[in-house]
Structure formats: structure tokens, C-alpha cells
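A short write-up of the structure that comes next.
Rule-based calculations on the coordinates, nothing more; no lab input. Source: prediction; values computed, not measured. Cβ atoms come from the backbone with ideal geometry, glycine included; neighbour counts cover every protein chain shown.
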Amino acid sequence: MKVKTILVSQPEPKVENSPYFDLIEKQKVKIDFRPFIHVEGVSGKDVRNQKVDLTKYTAIILNSRNSVDHFFRIAEELRFKVPDTMKYFCQSEAVAFYLQKYVVYRKRKIYVGKRTFTELSPLIKKYKNEKFLLPSSDKLKPEIPSVLNDLAVDWKQATFYKTVVSDLSDLRDVYYDILVFFSPSGIESLLQNFPDFKQNETRIAVFGNTTVKAATESGLRVDIQAPTPETPSMTMALEKYIKEVNKK
């Protein structure tokens, strides 16, 4: 079956040069964007109940832009003035760049990984005498605690925000040729919103091994997968698949 419509379970890209817009133009397909999950902050009281005293930490580990937003939101709610001496360990350049929304970059101590959490670990190890706080969501990749425990540093994880299933009831009678997922939470949202979902001719595209696992364990057929050596991005995987089926 040819592909004409795609639903991506993420917000619409804000940049004009997004490869999704190239895909729309080149392959003449319709792509809609809709977050299947969203983030909700927990209260300062909830953070306190996790036995977190912000004054006790000398370094913050930030693995996403959400962790940046919610760390500073909680700090403000708890009337904690973040000291100039605080060190920030950011998983990627994108997170470090986003941190500038809250701190003056040149005056603070900011350490930046390349992309994955494992690539940040040598920097954390270098400063193993710090007391690290990891403000995160309630759904933390198992690799992160594993890496930190292996480093034998003094660290604590605290839930500053939660991943929540979005209401998708308005999509009940809408059909797409391809549904695109980037996390197990997206798969969970699909099945919570539509417990009677039947895949039939709908193609499922997934990014990452944990998402593949969540999809297959839920009885879904995975038709498109990324990253692979040939298609390192989701848009490349989609384009390859569309070219193949639409020329038949």
C-alpha cells in the first residue's frame, strides 16, 4: 500500500529547515505532528518528600531541556538561590545551550558531553568528589543509574517532572498510513487511548531499541526502524520506505 499520510508522535518542529518538511515536499506526503505524551512538573513539596535538600549538592546532572526547566522551577518554588559555584554536567550541546536561558554561560562551570549519557561519564568521573543531583522524569533510562553507579560517585536521582499520557480521543476516527514513535511511552499512550487498536494496514515506524521492544511486546508489527547504519535518522528511514512502496 502506498503512503500518503503520516502521524509523528512529537510536537511539530520549530525550525524551518527540518528534514520532515523536505520529506513532505519531495515525497508529496501529508505529515501531521501530535505529542502522544507530555510532561507535568511535580511540586516542591513532592521533591522535599523525596528527601532532597538542594543546599547539599554541588553539581547538577542535566540530561534534557526538561530537566533544566524543572530544576530551576523547583529551585524558585523552594526559594533556593542557586550558587555561582554550582557545576552543571549537560548530556549534550543542545542541553548546555538551553541552560543559558537560566545562567550566564561564561560565569558558570558547565561541562558538556557529546550526545549519549555514557559519553558524559568521563567528565563526571573527573569531578568525583562533587555531590551530584540528577533532576529527572519518573521514566529514567536504566543506562543512567548504571553508569553513575559504576563511577562510584555520590549522586541522587529525584523526580522533578512526570511523563503523562496525552488525550488523543479526537483521533479515534482518523486513519494514517504510518504512525511514528520515539519512546516506549508513545506506544503506551497509543494503547491507553485506543485499547481496541487494530494495526491492520497501518505501518509502525519506531526509533531506538527500547521503542522496538515496547512495540513488539505490545503485539504491534514494526515496519520501519531507525537508527540503522543505512538510515541513521527517522526521516531517512521514512524516505527510504516511502520510495520503495510508492513506486510499486
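Straight-distance candidates among the aspartates and glutamates for linking to residue 248, with alpha-carbon spacing under 18 Å and chain neighbours fewer than 8 residues away dropped: 177, 201, 223, 239. Helix content alone sets the calculated 222 nm mean residue ellipticity of the chain: runs of n ≥ 4 DSSP H residues at -39500 (n - 2.57) each, divided across all residues, give -10000 deg cm²/dmol. Amide H contacts under 5 Å for residue 154: 132, restricted to partners 5 or more places along the chain or on a different chain, H placed in the peptide plane at 1.01 Å from N.
In order along region 180-195, phi translates into HN-Hα couplings of 10, 10, 10, 7, x, 5, x, 5, 4, 4, 4, 7, 6, 5, 10, x Hz, rounded to whole numbers, per the Karplus curve 6.51 cos²θ - 1.76 cosθ + 1.60 with θ = phi - 60° and x for Gly and Pro.
Rounded to the nearest 10 degrees, the inclination of helix 117-126 to the longest alpha-carbon principal axis of the chain is 10 degrees.
What ranking, highest mean first, results for peptides 135-143, 45-53 when packing means the other Cβ atoms within 10 Å averaged over each residue? Mind dumping the intermediate values first?
Working: 135-143: 16.2, 45-53: 13.8.
Ranking the peptides 135-143, 45-53 by packing returns 135-143, 45-53.
For region 161-218, the dipole from Cβ point charges (+1 on Lys and Arg, -1 on Asp and Glu) about the Cα centre works out to 220 debye, to the nearest 20.
Within the set [x] 57, 36, 34; [y] 61, 34, 33; [z] 73, 47, 32, the number that Cα extents along the principal axes in Å takes when calculated for this structure is listed as [y]. Compared with the dominant Cα axis of the chain, that is its longest principal axis, helix 234-246 is turned about 0°.
Under a model in which nothing but the beta-carbon of Lys, Arg (+1) and Asp, Glu (-1) is charged, the chain shows a dipole of about 840 debye around its Cα centre. The angle between the Cα long axis of helix 65-77 and the longest principal axis of the Cα atoms of the chain comes to about 40 degrees, rounded to the nearest 10. Most tightly packed first, judged by the mean number of other beta-carbon atoms within 10 Å of their residues, the peptides 5-17, 214-226 read 214-226, 5-17.
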